[in-house]
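Contents: one structure, followed by commentary.
Quick note: the coordinates plus some simple rules give every number you see, no bench work behind them. Quick caveat, the model's predicted, so the values are computed rather than measured. Glycine also receives a Cβ, built like all others from the backbone with ideal geometry; neighbour counts cover every protein chain displayed.
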Amino acid sequence: MARHLDLQLLRAFVTIAESESFTRAAAQLGLSQPAVSLQMRKLEALLDRRLFDRGHGGVALTVQGGDLLPQARRLLALNDEVLAGLRETEVEGDVHLGAPEDLATTHLPRIIGRFAQAHPRVRLSVVCDFTANLMTALAQGRLDVALVKREPAPGGSPEGVFTERLVWVARDAYQFAQRPLPLVIAPSPDAYRSRALAALQAGEISFRDAFVSPSLAGQQAAVRAGLGVAAVPATLAPADLVIDAGDLPRLGEVEIALLFARGRQTGAAELLARDVREVMSRTSV
């Protein structure tokens, strides 16, 4: 039994196992099919184990191959993590991030602090705005990456970070039954405003704008003052406010997605996106 494993052979092994084909694995690795077959013969000889059953129906892992697969994945992940860490210390430049105010207020301090400490040579700037305006800024190249609110995609999407459940909140429970319903709400084109109005219209519930402000802090102050009812993410519902128990239509969920501007997936932007995902994916409710 060999005392040293060849990571190149292990990467070929994992690629074959995941693609279930020597031919597809060769294409993914940028090698010829005979070269990949030779690598597997070397690895099997090195380990003195048969790793694949090759038949007319394709390629299948042997019992020994199945035992090796999770271990090989761990070794490759550690290798890639070490190399990525070495490359990260060299990253520099500018990166421009966009986010809605509520997400910026709650999550960005941790993201920015973590990113700035790990990558001191990167100049980070942040813009807080409505999702519609952030999408325009992305399209125009004024942002590199942005967090946006949107309708959840069926079956999920690769850009999705998490889904946020919306709830109605008020200072006092009786306010949910008031008609017309007094709303504390952001101006158009806010995504939560659109969801709230659509739910009320579908439920044929009359309403009026009691307080309009783009500021999350301003809206919360207005609700605490008893001016009306607001639609907020469940994770941001203040403990001193009452959550509707069923007097109003359900608001459903909004997906928080992380989008890149076309052609702006630089090393700095990729690293920032990774930190955003790691911090925010722990918040799903």
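Would you mind ranking LEU38, LEU51 by Cβ crowding within 10 Å, fewest neighbours first? Intermediate values should be presented prior to the final figure.
Working: LEU38 14, LEU51 22.
Final ranking by Cβ density, sparse to dense: LEU38, LEU51.
Between ARG179 and GLN140, what FRET efficiency follows from the Cβ-Cβ distance if R0 is 35 Å, with the result rounded to 0.05? Before the final figure, lay out each step's value.
Working: r = 43 Å, r/R0 = 1.22.
E(calc), rounded to 0.05, equals 0.25.
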Given (1) 39, 21, 16; (2) 50, 23, 16; (3) 36, 23, 18, which label gives semi-axes √(5λ) of the Cα gyration tensor in Å as computed from the coordinates? (2)
Mind checking the angle between helix 108-118 and the chain's longest principal axis? C-alpha axes, 0 to 90 degrees, to the nearest 10. 30
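Under a point-charge model restricted to the Cβ atoms of Lys and Arg (+1) and Asp and Glu (-1), what is the dipole moment magnitude of the chain relative to its Cα centre, in debye to the nearest 20?
Working: 31 positive and 32 negative charges, 93 e Å.
The dipole of the chain has a size of about 440 debye.
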Computed about the Cα centre, the charge dipole of region 163-253 from +1 Lys/Arg and -1 Asp/Glu charges at the Cβ has a magnitude in debye, to the nearest 20, of 100
Farthest toward positive dipole pole in the chain [+1 Lys/Arg, -1 Asp/Glu at C-beta], among GLY267, GLY252, SER194: GLY267
Could you give the length gained on full extension between ALA77 and THR105, defined as 0.36 nm per residue of separation minus the Cα-Cα distance, in nm? 6.8 nm
Which angle between 0 and 90 degrees, to the nearest 10, do you get for helix 7-19 versus the longest principal axis of the chain when only C-alpha atoms count? 60
For the chain, with a Gaussian network of springs between Cα atoms less than 10 Å apart, report the residue from ARG121, ARG73, ARG195 with the top mean-square fluctuation. ARG73
What does the convex hull of the Cα atoms of region 74-191 come to per residue, in Å³, rounded to a whole number? 178
Starting at 0 and stepping by 10 Å, how many percent of the alpha carbon pairs of region 28-140 end up in each bin? 11, 24, 20, 15, 21, 10, 0
For region 163-253 the translational diffusion coefficient, Stokes-Einstein from a Kirkwood Rh over Cα pairs at 10 °C and viscosity 1.306 mPa s, in µm²/s, is roughly 125
